[in-house]
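Here the structure is laid out as structure tokens; the discussion comes afterwards.
The values are calculated or read from the model by the stated rules, or taken from the named source; none is laboratory data. What you see is a predicted model, and the numbers here were worked out from it, not measured in a lab. We place every Cβ from the backbone using ideal geometry, glycine too, and count neighbours over all the protein chains shown.
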Amino acid sequence: MWSPNQPIVAMKNVMKSYGDFDVLKGISMDIMKGEVVCIIGPSGSGKSTLIRCINGLNDIQKGSITVEGQEVHDPKLDKRLLRRKVGMVFQQYNLFPHKTALQNIIMAPVKVLKEPRADVEARARALLKKVRLEGKENSYPGELSGGQQQRVAIARSLAMRPDIMLFDEVTAALDPETVKEVLVTIKELAADGMTCILVTHEMGFAKEVADKVYFTDRGLIVEEGHPSEIFSNPKDPRTKAFLSQVL
Amino acid sequence: MASDIDKRGQGYPRRSDMAVLLPLRPAPQMDSLSLTTWLAKIRWWQVMLLMLVWPLHAFAQGAVTVDSAVAVLYKWAPFLLLHGFLFNVLISILSMALGTGLGVLLGLTLISKWSPLRFLGNTGTAFFRNAPWLVLLFVVLLAFPFELTIFGTRVPLPGWIKAVIGLSLPVAANIAIIVRGAIQSVPSAQWEAAESLSFSRMQTLWQIIIPQCIKRMIPPWMNWYAILTMATPLCSILGTEEMVTLTRQAMEAEGNKPELLMPFYGFILVLFFLYCYPIAKLTVRLERKFAFKL
């Protein structure tokens, strides 16, 4: 049985390959409840693949990933039960274009969790307020800016009341001036005690908010630690080279 | 590392440190609007020209007989329209309804995750798309009994019902292709987003994917309706009393005079054209309207 003093997400020696290309070559990490973890690294180092394995969007060939003690890649597991606990936000927002902002948020709790519509709607309005999008309830995704769409996507995930939130390069497709509004939302979420796992290129954000930073390169974790150590005193030459390029 | 370099040496880099732009795959090709595009290209003045040429041609054959032939047609026209052409329209509507229902089911088997079902669906689709329509009509005519016994009651199965079933089969197969194409045209990211929100596959399909692509299915669906309508005279071979059968009978009643051929068959042509031309125009317009929107 899992108890909150054990890692909420535990990866042990996770390996994955596409054909004969190894994306993940043995990744291990333990993430505690309430922690904010940033995964950084050069493009193509397997960051996105890694985060998508946590909710079972990608499968793995070897190793184990547990979420709240439950093995994610157990073939007997109903992945839909797992995904209720793990929310995910994507780089391209992936809102449902034929539904309004409010409907986007309401859909999953009503259809999947079968919760009463009135309760869900009240919660959805509160969430929209939380991400500072009051008044946009009836806007369609196409009528919102990238940053607004991304905040609706965050609210949509939160409406399922997950224990863990995964953010896959959520600011990478945004204009520089809208990046901030999304980061503020995530920061508030982290301050509320949500377990957040982010793949990001926002080094300033990682430095400020993360409890732990993982630097990945070519499918391996090269270096991990508190952001103050990683950013000011990187040990591995690859980390040094990467940071000197992006900072 | 050595193996990397080998592979790159062959001009086929299998791994790269750089961001890789995947090849742009165009959305799956929808059924081309073959018939409607062709029909819609016809201009009104071309039709008018044809309407002029026809009487002139007939006139050249001998003015007096044409006069009487047109008079004969005038006598028969209401009957042919109401009992003939409208019956063709009824057959086409019922066939389309049945074909659409079957086609959606068949289309769903084409995207099934269970490979035996997908195989069956693919086989059925390929068979009904490529079999000649007339052959399918004959098979249905001969394979189905003239009446069915359902819960002890005898339900007659007249020829025209069999024609409806026979025509719906190739339509269903083509609609299945349209359904599959439309579903595959929705970006896979929509599936992933729904999956991450714990939607089941069926919920995702009906509540998220299909509502987004239903508009795209309408123009090719209308194209097949026009094709089907034009194919309904095939039923005359099965003895169904539709437009062509009745026309032939009317001409026989008038003594099978050769000068009747042009006005009577011309009348059929005009009616089908008047019915299908607006459908074709609308289809092409909708296609343009929906082409770039999701």
Filter pass, A:LEU133 being farther than 30 Å from A:GLY219 by Cβ, part of a loop (DSSP other than H, G, I, E, B) and in contact (Cβ under 8 Å) with a residue 12 or more places away in the chain:
yes
Hey, among the residues in the stretch A:82-106 that are more than 7 Å from every other protein chain (Cβ to nearest Cβ) and assigned to a helix (DSSP H, G or I), which one's nearest to the chain's Cα centre (by Cα)?
A:LYS85
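For every residue, the table says whether it meets (1) over 22 Å from A:GLU121 (Cα atoms); (2) not in a helix (DSSP H, G or I).
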| residue | (1), (2) |
| --- | --- |
| A:ILE154 | no, no |
| A:PRO162 | no, yes |
| A:LEU166 | yes, yes |
| A:LEU174 | yes, yes |
| A:GLY204 | yes, no |
Do we have A:ALA155 as over 20 Å from A:SER45 (Cα atoms), touching a residue at least 40 places away in the same chain (Cβ under 8 Å), within 13 Å of another protein chain (Cβ to nearest Cβ) and of a type in the set (A, V, I, L, M) here?
yes
From the set of residues in the stretch A:54-76 that are in contact (Cβ under 8 Å) with a residue 12 or more places away in the chain, under 22 Å from A:MET1 (Cα atoms) and part of a loop (DSSP other than H, G, I, E, B), which is nearest to the other protein chains (Cβ to nearest Cβ)?
A:ASN55
Any residue at all in the stretch B:143-151 that's over 26 Å from the mean Cα position of the chain (by Cα) and within 14 Å of chain A (Cβ to nearest Cβ)?
no
Would you be able to tell me the number of residues in the stretch B:194-206 that are surrounded by fewer than 19 Cβ atoms within 10 Å (Cβ to Cβ) and either within 7 Å of chain A (Cβ to nearest Cβ) or of a type in the set (Lys, Arg) (or both)?
3
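Here's the yes/no breakdown for (1) basic (Lys, Arg); (2) within 23 Å of A:GLN92 (Cα to Cα); (3) in a loop (DSSP other than H, G, I, E, B):
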{"site": "A:VAL170", "(1), (2), (3)": "no, yes, yes"}
{"site": "A:LYS187", "(1), (2), (3)": "yes, yes, no"}
{"site": "A:HIS201", "(1), (2), (3)": "no, yes, yes"}
{"site": "A:GLU208", "(1), (2), (3)": "no, no, no"}
{"site": "A:THR216", "(1), (2), (3)": "no, yes, no"}
{"site": "A:VAL222", "(1), (2), (3)": "no, no, no"}
{"site": "A:GLU229", "(1), (2), (3)": "no, no, no"}
{"site": "A:ARG238", "(1), (2), (3)": "yes, no, no"}
With the condition kept exactly as written, say whether any residue in the stretch B:275-289 is of a type outside the set (S, T, N, Q), over 20 Å from the mean Cα position of the chain (by Cα), closer than 16 Å to B:PRO78 by Cα and surrounded by fewer than 18 Cβ atoms within 10 Å (Cβ to Cβ).
no
In the stretch A:122-168, which residues are closer than 19 Å to A:GLN92 by Cα and of a type in the set (S, T, N, Q)?
A:SER139, A:SER145, A:GLN148, A:GLN149, A:GLN150, A:SER157
Looking only at residues in the stretch A:145-191 that are modelled with pLDDT under 90, among the charged types (D, E, K, R) and closer than 15 Å to A:VAL131 by Cβ, which one is surrounded by the fewest Cβ atoms within 10 Å (Cβ to Cβ)?
A:LYS180
Mind listing whichever residues of the stretch A:107-123 are outside any loop (DSSP other than H, G, I, E, B) and away from chain B (no Cβ under 14 Å)?
A:ARG117, A:ALA118, A:ASP119, A:GLU121, A:ALA122, A:ARG123
Could you say whether any residue in the stretch B:210-219 is under 21 Å from B:SER112 (Cα atoms), free of Cβ contacts under 8 Å to residues at least 24 places away in the same chain, at the interface with chain A (Cβ under 10 Å from one of its Cβ atoms) and assigned to a helix (DSSP H, G or I)?
yes
Selection within the stretch A:9-53 - closer than 17 Å to A:HIS73 by Cβ, in contact with a Ser or Thr (Cβ under 8 Å, 6 or more places away or on another chain) and assigned to a helix (DSSP H, G or I)
A:LEU50
Scanning the stretch B:179-209 residue by residue, the ones that are farther than 21 Å from B:LEU105 by Cα and assigned to a helix (DSSP H, G or I) total 8
Being small (Gly, Ala, Ser) and either within 11 Å of chain B (Cβ to nearest Cβ) or surrounded by fewer than 16 Cβ atoms within 10 Å (Cβ to Cβ) (or both) is the requirement here; does A:GLY142 meet it?
yes
